[in-house]
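> Before we start, here is the structure in question, set down as structure tokens.
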Amino acid sequence: MNRIINNPDLVVEDAVRGYLKAHADLVAPTGNPRVIRHHLAPRQGKVGVVTGGGSGHEPAFLGYVGDGILDSVAIGEIFSSPTAKSFHDAFVAADGGRGVACLYGNYAGDNMNVKLAVKQASAHGLVVKTVVANDDVPSAPVAERAKRRGVAGEVLMWKVGGARAAEGADLEQVIASAQKAIDSTRSIGIGLSACTIPAVGKPNFSIDNGMMEVGIGHHGEPGVKVSAICPASEMADLMLEHVLPDLPFAAGDDLAVLVSGLGATPIMELYILYDRISEVLGGKGMKVRHPFIGNYFTSLEMMGVTLTIMRLDAELDRLVAAPARSLGLTKVVS
Amino acid sequence: MNRIINNPDLVVEDAVRGYLKAHADLVAPTGNPRVIRHHLAPRQGKVGVVTGGGSGHEPAFLGYVGDGILDSVAIGEIFSSPTAKSFHDAFVAADGGRGVACLYGNYAGDNMNVKLAVKQASAHGLVVKTVVANDDVPSAPVAERAKRRGVAGEVLMWKVGGARAAEGADLEQVIASAQKAIDSTRSIGIGLSACTIPAVGKPNFSIDNGMMEVGIGHHGEPGVKVSAICPASEMADLMLEHVLPDLPFAAGDDLAVLVSGLGATPIMELYILYDRISEVLGGKGMKVRHPFIGNYFTSLEMMGVTLTIMRLDAELDRLVAAPARSLGLTKVVS
Amino acid sequence: MRGVVLADAGGVVVEMVDAINANRAKLSEIDGAIGDGDHGINMSKGFTQAGAALGDPLPPLPKALQVLADALFEGIGGSMGPLYGSLFGAMAETLGSAPVLDAPLCGRMLRAGLEGVEEIGSAKPGDKTLLDSLAPACDAFDAAMAAGRPFAECLREMAAAAEKGRDSTRDMIARVGRASRLGERSRGVVDAGASSCCLILQTIAAGLEKRLQA
Amino acid sequence: MRGVVLADAGGVVVEMVDAINANRAKLSEIDGAIGDGDHGINMSKGFTQAGAALGDPLPPLPKALQVLADALFEGIGGSMGPLYGSLFGAMAETLGSAPVLDAPLCGRMLRAGLEGVEEIGSAKPGDKTLLDSLAPACDAFDAAMAAGRPFAECLREMAAAAEKGRDSTRDMIARVGRASRLGERSRGVVDAGASSCCLILQTIAAGLEKRLQA
Ligand SMILES: Nc1ncnc2c1ncn2[C@@H]1O[C@H](COP(=O)(O)OP(=O)(O)O)[C@@H](O)[C@H]1O
Ligand SMILES: Nc1ncnc2c1ncn2[C@@H]1O[C@H](COP(=O)(O)OP(=O)(O)O)[C@@H](O)[C@H]1O
Ligand SMILES: [Mg+2]
Ligand SMILES: [Mg+2]
Ligand SMILES: [Mg+2]
Ligand SMILES: [Mg+2]
């Protein structure tokens, strides 16, 4: 395991410290070392937008704290939900008096900890409403959408929710927009290699050389099939075949498309994939208005890629296009 | 080799096509498929700022075409210099009538091809001046600085040269600023694993598990020593020991610091390293005014990291801080 | 009716902390077979924090259980924080300010813990989780009590059922958690959470029994 | 004095293209030992483009060499583009519009090519590069000519020296290019560039000899 770490049990602490040192113009510490906030949060009169999740997905989650996106983030161990207390403290750090929108991903630990934290917050009068991302198509059939995991679609959900809050919307409106964002979004991942949590020291799943796992989750959760690796254009087609019929997306749709590497896949390969994706979508009469290509939501040093597609209406288009500044995503209105 | 490619001989073509499709608001094609330009280039009355280099270093080189940085880029095969013709065509694409600054890295192939391209350009009256980045400390002793390779310091050189050109400076001034930028910059890399060029199909060097190569180059060029992997804080100290005495950097210096992953290293590890780097620099009385942490200059799916430090004077500070928008680097003036 | 003076029983939590720490490597190893190999690490982190927070002199058992619950809620996150936090939190709540723990109260305490875990985790016995140790242990305690057996014997039955429950997970297919990735391949090894839960229940049984007074 | 009618000799370039393509895999394999295993790929790419650009009917040799040089400059980049581009470009320039290639002109052509490579690449014989095939080949041609040997024999001496030069790289340590990474470990295998250069020089020698006219 060739990694740049000190104590493997303290990678999160060490990384968060470095993050705070590097980006003091954007983020600030809180009393809880596992919670960071926007350097101006809480901003009075603004709905707080919060998320939280396990570490190892950088720039998610902490990298999306910034102007026009998130106000605070609760930070968990690698691939492990933050504590209920950290979620709670993140709510407090974001609360500008108009309530807090907690926009997070559908994982057992996160669900439990958020539930406890919301209960705790409401006990002292802080109103927190939640949206649970469940954009990962292969993780459950469409009839059981509530069981699906949240994956890179979360980034677009944060972007939309953050932009809506920045417009001055109230909590109901922020929640409605974020819910619409994730309801309009579908994702799928392909895994090409495993990853190793430093404290564990060895991969806890494996993908053989020459094989790919279609539908893999962000922590190596099982996909829908393991098959021989195929050319990028076939991977693109396969991913689209899963994603497009699910919403379903249709001719005439305006889209945001996010292609994220899982960590170790070279960026140029994301563009090779996107070349085909964009061609197929265009061929079907859809229009990609907002492409995002890069490492937006990773899984340590896994090789592989995720594809996320959001159908835009006028509101989502406006909110995706709105200016934002964060480590993970910056939109400059040019 | 688990990769997202179609024909391994056409990875560059395929990726560039995808890049152009994704970022039409930023870049545009030229008559040469191996040259891309700023969507508004050539901009009349502005010095053109150009670079070029082998592929596989994304977001370098093409990802730095944008507002306030590069006007055009010549694109080579993976780890292989662009042709003289592509450099020449990139000059033409950037030429707004005030000459072209070609800011590139010190590699045998690039030197030869740029030399030929400049000759060809001057034959039809296009004035091109060059700055050759040689920031990689371990690649030659300080007495033979001219032999040193250019590595991630190139990003800061492009930022400075691009910002100076955006201010309306003339060619001499752009060249002088870019030259000062690279003369004030020192880098070092540590490699933790090898990488595979798709067309070759197997790594052409190796780093054993548990070992690191100190001073490695961006294509796996040999470092100054191969030793057992050590904690991140010792890696940071080791890198600083090579870099700081070389300029030398001293108490009171204002700095830009760029920590770039080589591709597969998780982003959180860059912050673990930066935590220590920032601490040591602070302890020595230096101030990091502009930290850049992320995958700025990669080597396919190598694991490892590079550290680049630039000493700022008032001019460099202004130019590094100036607004810019590109895939690789965005500075929002907030 | 025999019982445990709760004011003097805070040490049971110390014994749990020690048991978890002594089995840290073993629990991770069990988790490594079909999980991600960190169960011992996760548990030991939370329990160690609880141990440090207990203070000196030791608080009464209800308070000590609450300290443990809080440490798990605040210290480990993931799924184990809420699950074990809910277990011990519900137990502490059931004990309330009772001075003495007798068999019926103990039965209610275990049942409340079980329900707390089920409520927050939404898993069921048979899913190859810690519930497969906890649920049969509760049932065995209640059955022994219904059969009129003395408190000490109820505790021993409970501990034995926890162990049997743990072993029963060997033949199960994981339906929740990380190991559910493996489907059929998750069969053949015991579940990590069932192992830690068995350890905890055995420690509780032994700790209460030795503190039993006439 | 015997010579080659240049207007009819464009086929020599076609023969070079064929030779490089036939040895694509072998050249890459040689490069794989101490380089990055792509020399055959790089060369074949540029030479194939040249072959396609030659046109029908074939141009005279000077023009054909210029087409080859341009294809290499424009087609492959890296180091091989400028190095071999300079080689063939300097050769073409030396031939200029001469109608016939005799031994002295051939000697000047080879020497100009060598100097072109040295100028752009700044390497020296002994660095374990294509120069170690090219430089002794030039010298052997000149020596044979100085000894008054006929043109055909000069060409054969040249080809033999190119091969001997190629083999001499086996015992050298690479001082430029990718293989210089390996230092002492670069010894023991021949250099890829010296191998392709030898192949090219052998093809030129054979191609010119068979076109020799009294
Ligand atoms: N919903 C649940 N209800 C009860 N127990 C669960 C549940 N989900 C997981 N577990 C238990 O958690 C154990 C794994 O714990 P641990 O290794 O600490 O967490 P993780 O799987 O996040 O690494 C499993 O062996 C299982 O017994
Ligand atoms: N400066 C130079 N002068 C002459 N030949 C060189 C020089 N640098 C490299 N070479 C030759 O290039 C060959 C390698 O070519 P190739 O494999 O195509 O390029 P790369 O090393 O970029 O992969 C070496 O075997 C060597 O003969
Ligand atoms: Mg875990
Ligand atoms: Mg585990
Ligand atoms: Mg090579
Ligand atoms: Mg090469």
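> Would you check if residue A:46 is more than 22 Å from residue A:296 (Cβ to Cβ) and touching a residue at least 40 places away in the same chain (Cβ under 8 Å)? Spell out the reasoning first.
Working: more than 22 Å from residue A:296 (Cβ to Cβ): yes; touching a residue at least 40 places away in the same chain (Cβ under 8 Å): yes.
In short, yes.
A quick yes/no check of all residues on (1) within 28 Å of residue A:332 (Cβ to Cβ); (2) in contact (Cβ under 8 Å) with a residue 60 or more places away in the chain; (3) not in a helix (DSSP H, G or I):
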| site | (1), (2), (3) |
| --- | --- |
| B:3 | no, yes, yes |
| B:6 | no, no, yes |
| B:11 | no, yes, no |
| B:21 | yes, no, no |
| B:28 | yes, no, yes |
| B:41 | yes, no, yes |
| B:80 | no, no, yes |
| B:86 | no, no, no |
| B:104 | yes, no, yes |
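> Then there is this: When only residues in region A:170-227 that are farther than 28 Å from residue B:264 by Cβ and of a type in the set (Val, Ile, Thr) count, which is nearest to ligand 5 (Cβ to nearest atom)?
Looking at the filtered set, the residue picked out is A:182.
> Scan region D:117-140 residue by residue and report those that are buried (at least 20 other Cβ atoms within 10 Å of the Cβ), part of a helix (DSSP H, G or I) and either under 14 Å from the mean Cα position of the chain (by Cα) or within 16 Å of ligand 6 (Cβ to nearest atom) (or both).
Matches in region D:117-140: D:117, D:121, D:131, D:132, D:133, D:134, D:135, D:136, D:137, D:138.
> Look through A:243, A:257 and report the one residue that is away from chain B (no Cβ under 11 Å) and either in a strand (DSSP E or B) or under 20 Å from the mean Cα position of the chain (by Cα) (or both). Walk me through how you get there before you give the answer.
Numbers: A:257 fails: away from chain B (no Cβ under 11 Å).
Unique residue meeting the criteria: A:243.
> Another question about this same structure. Looking only at region A:270-293, decide whether some residue is within 30 Å of residue A:8 (Cα to Cα), under 20 Å from the mean Cα position of the chain (by Cα), of a type outside the set (Ser, Thr, Tyr) and not in a helix (DSSP H, G or I).
No, region A:270-293 contains no residue that is within 30 Å of residue A:8 (Cα to Cα), under 20 Å from the mean Cα position of the chain (by Cα), of a type outside the set (Ser, Thr, Tyr) and not in a helix (DSSP H, G or I).
> Could you look through region B:116-128, keep only residues that are out of contact with any strand residue (DSSP E or B) (no Cβ under 6 Å at 6 or more places or on another chain) and in contact (Cβ under 8 Å) with a residue 24 or more places away in the chain, and pick out the one that is surrounded by the most Cβ atoms within 10 Å (Cβ to Cβ)? Full working, then the answer.
Taking region B:116-128 first, the residues out of contact with any strand residue (DSSP E or B) (no Cβ under 6 Å at 6 or more places or on another chain) are B:116-117, B:119-120, B:122-127.
From what is left, the residues that are in contact (Cβ under 8 Å) with a residue 24 or more places away in the chain are B:116-117, B:120, B:126-127.
Values: B:116: 22, B:117: 30, B:120: 18, B:126: 19, B:127: 15.
Only one residue fits best here, namely B:117.
> Being within 16 Å of ligand 6 (Cβ to nearest atom), more than 14 Å from chain B (Cβ to nearest Cβ) and in contact (Cβ under 8 Å) with a residue 60 or more places away in the chain: is that true of residue D:196 here? Let's see the steps before the verdict.
Working: within 16 Å of ligand 6 (Cβ to nearest atom): yes; more than 14 Å from chain B (Cβ to nearest Cβ): yes; in contact (Cβ under 8 Å) with a residue 60 or more places away in the chain: yes.
Yes: the conditions hold for residue D:196.
> For residue D:144, state whether it is more than 16 Å from ligand 6 (Cβ to nearest atom) and over 30 Å from residue B:90 (Cβ atoms). Don't jump to the end; show me each part of the working.
Details: more than 16 Å from ligand 6 (Cβ to nearest atom): yes; over 30 Å from residue B:90 (Cβ atoms): yes.
Yes; evaluated as a whole, the condition is true for this residue.
> Also, I was wondering about something else. Could you tell me which of the residues B:11, B:27 is hydrophobic (A, V, I, L, M, F, W, C), within 14 Å of chain A (Cβ to nearest Cβ), more than 18 Å from residue B:120 (Cβ to Cβ) and in contact with a Lys or Arg (Cβ under 8 Å, 6 or more places away or on another chain)? Let's see the steps before the verdict.
Values: B:11 fails: in contact with a Lys or Arg (Cβ under 8 Å, 6 or more places away or on another chain).
Of B:11, B:27, the one residue that is hydrophobic (A, V, I, L, M, F, W, C), within 14 Å of chain A (Cβ to nearest Cβ), more than 18 Å from residue B:120 (Cβ to Cβ) and in contact with a Lys or Arg (Cβ under 8 Å, 6 or more places away or on another chain) is B:27.
> Considering every residue within region D:79-88, establish whether at least one is in a loop (DSSP other than H, G, I, E, B) and within 14 Å of another protein chain (Cβ to nearest Cβ). Steps first, answer last, please.
The first filter runs over region D:79-88 and keeps only residues in a loop (DSSP other than H, G, I, E, B), leaving D:79.
When the remaining residues are screened for being within 14 Å of another protein chain (Cβ to nearest Cβ), the result is D:79.
The answer is yes, given that some residue of region D:79-88 is in a loop (DSSP other than H, G, I, E, B) and within 14 Å of another protein chain (Cβ to nearest Cβ).
> For region B:179-229, give me each residue that is more than 13 Å from chain A (Cβ to nearest Cβ), farther than 30 Å from residue D:24 by Cα and among the acidic types (Asp, Glu).
B:183
> Moving to a separate point now. Right, residue D:40: within 16 Å of ligand 2 (Cβ to nearest atom), closer than 18 Å to residue D:71 by Cβ and within 13 Å of chain B (Cβ to nearest Cβ) or not?
Numbers: within 16 Å of ligand 2 (Cβ to nearest atom): yes; closer than 18 Å to residue D:71 by Cβ: yes; within 13 Å of chain B (Cβ to nearest Cβ): yes.
Spelling it out, residue D:40 is indeed within 16 Å of ligand 2 (Cβ to nearest atom), closer than 18 Å to residue D:71 by Cβ and within 13 Å of chain B (Cβ to nearest Cβ).
> Moving to a separate point now. Select from region C:97-116 the residues that are surrounded by fewer than 21 Cβ atoms within 10 Å (Cβ to Cβ) and outside any helix (DSSP H, G or I) and write down the one among them that is nearest to the other protein chains (Cβ to nearest Cβ).
C:97
> Separate question: Within 16 Å of ligand 4 (Cβ to nearest atom) and under 30 Å from residue A:205 (Cβ atoms), is that true of residue C:132?
Values: within 16 Å of ligand 4 (Cβ to nearest atom): no; under 30 Å from residue A:205 (Cβ atoms): yes.
So residue C:132 does not fit the description; no.
> Report those strands (runs of 3 or more DSSP E) wholly inside region A:140-230 carrying at least 2 residues which are of a type in the set (A, V, I, L, M, F, W, C), out of contact with any Ser or Thr (no Cβ under 6 Å at 6 or more places or on another chain) and surrounded by fewer than 22 Cβ atoms within 10 Å (Cβ to Cβ). First the steps, then the outcome.
Working: elements: A:185-191, A:211-214, A:225-228.
Counting at least 2 such residues, we get A:211-214, A:225-228.
> Name every residue in region A:52-82 that is closer than 24 Å to residue C:69 by Cα and in contact with a Leu (Cβ under 9 Å, 6 or more places away or on another chain), in order of residue number.
Those that are closer than 24 Å to residue C:69 by Cα and in contact with a Leu (Cβ under 9 Å, 6 or more places away or on another chain): A:55, A:73, A:75, A:78, A:79.
> What do you reckon, is residue A:75 within 14 Å of chain B (Cβ to nearest Cβ), in a strand (DSSP E or B) and under 16 Å from residue A:154 (Cα atoms)? Give the derivation first.
Values: within 14 Å of chain B (Cβ to nearest Cβ): yes; in a strand (DSSP E or B): yes; under 16 Å from residue A:154 (Cα atoms): yes.
Yes: the conditions hold for residue A:75.
> Could you tell me whether residue D:53 is surrounded by 24 or more Cβ atoms within 10 Å (Cβ to Cβ) and either more than 12 Å from chain B (Cβ to nearest Cβ) or touching a residue at least 24 places away in the same chain (Cβ under 8 Å) (or both)? So that I can check it myself, show each step before the final result.
Working: surrounded by 24 or more Cβ atoms within 10 Å (Cβ to Cβ): no; either more than 12 Å from chain B (Cβ to nearest Cβ) or touching a residue at least 24 places away in the same chain (Cβ under 8 Å) (or both): yes.
Spelling it out, it is not the case that residue D:53 is surrounded by 24 or more Cβ atoms within 10 Å (Cβ to Cβ) and either more than 12 Å from chain B (Cβ to nearest Cβ) or touching a residue at least 24 places away in the same chain (Cβ under 8 Å) (or both).
> Need the failing condition index for residue D:188 against (1) outside any helix (DSSP H, G or I); (2) away from ligand 6 (no atom under 16 Å from the Cβ); (3) at pLDDT 95 or above, just the number.
Evaluating residue D:188 over (1) outside any helix (DSSP H, G or I); (2) away from ligand 6 (no atom under 16 Å from the Cβ); (3) at pLDDT 95 or above leaves (3) as the failure.
> Against the definition (within 11 Å of chain B (Cβ to nearest Cβ), touching a helix residue (DSSP H, G or I) at 6+ places or on another chain (Cβ under 8 Å) and not in a loop (DSSP other than H, G, I, E, B)), how does residue D:73 come out, yes or no? Even if it seems obvious, please write down each step before you answer.
Numbers: within 11 Å of chain B (Cβ to nearest Cβ): yes; touching a helix residue (DSSP H, G or I) at 6+ places or on another chain (Cβ under 8 Å): yes; not in a loop (DSSP other than H, G, I, E, B): yes.
Yes: the conditions hold for residue D:73.
> Say whether the condition of being within 16 Å of ligand 3 (Cβ to nearest atom) and either at pLDDT 95 or above or more than 14 Å from every other protein chain (Cβ to nearest Cβ) (or both) is met by at least one residue in region C:166-178. Working first, answer last.
As a first pass, look at region C:166-178 and keep what is within 16 Å of ligand 3 (Cβ to nearest atom): C:174, C:176-178.
Still in the running and either at pLDDT 95 or above or more than 14 Å from every other protein chain (Cβ to nearest Cβ) (or both): none.
No, that holds for no residue.
The values are calculated or read from the model by the stated rules, or taken from the named source; none is laboratory data. All of these numbers come straight from a predicted model, not from anything done at the bench. Glycine also receives a Cβ, built like all others from the backbone with ideal geometry; neighbour counts cover every protein chain displayed.
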